[in-house]
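Each value in this text was obtained by applying a stated rule to the coordinates, not by laboratory testing. Values in this document were obtained by computation on a predicted structure and should not be read as measured data. All Cβ positions, even for glycine, are placed from backbone atoms using ideal geometry, and neighbour counts span all protein chains on display.
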Amino acid sequence: MLEQYLPFVGLIIFGNIENLVLSSQGVVAGVNPLKLAIASIICVSLWLIIGTFGTQLLIYYVDFIDFIGGFAIFVLGLQAMYESVFHN
């Protein structure tokens, strides 16, 4: 069963790291930590549901999905670093 998720391991790992970066940005920006935690749990749960069913439907497009997901994580990471360095 877990074999079907192996092509997405990179996105899972780096997506979780990106979630931590975005959450820390919210805390630094002064967002209410409780609201941030609730929003984060909701988003992660939705992504789990979408990912579970989406993997079964779109496994043939795994290379394209990995590229787009990796690119999005890279862009969000660059944005986070830019904000933290230039907008203190």
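The simple Förster model, with R0 at 35 Å and r as the Cβ-Cβ distance, assigns LEU57 and VAL28 a FRET efficiency of 0.40. Full extension of the chain between LEU46 and ALA80 gives 10.0 nm of extra length, using 0.36 nm per residue less the Cα-Cα distance.
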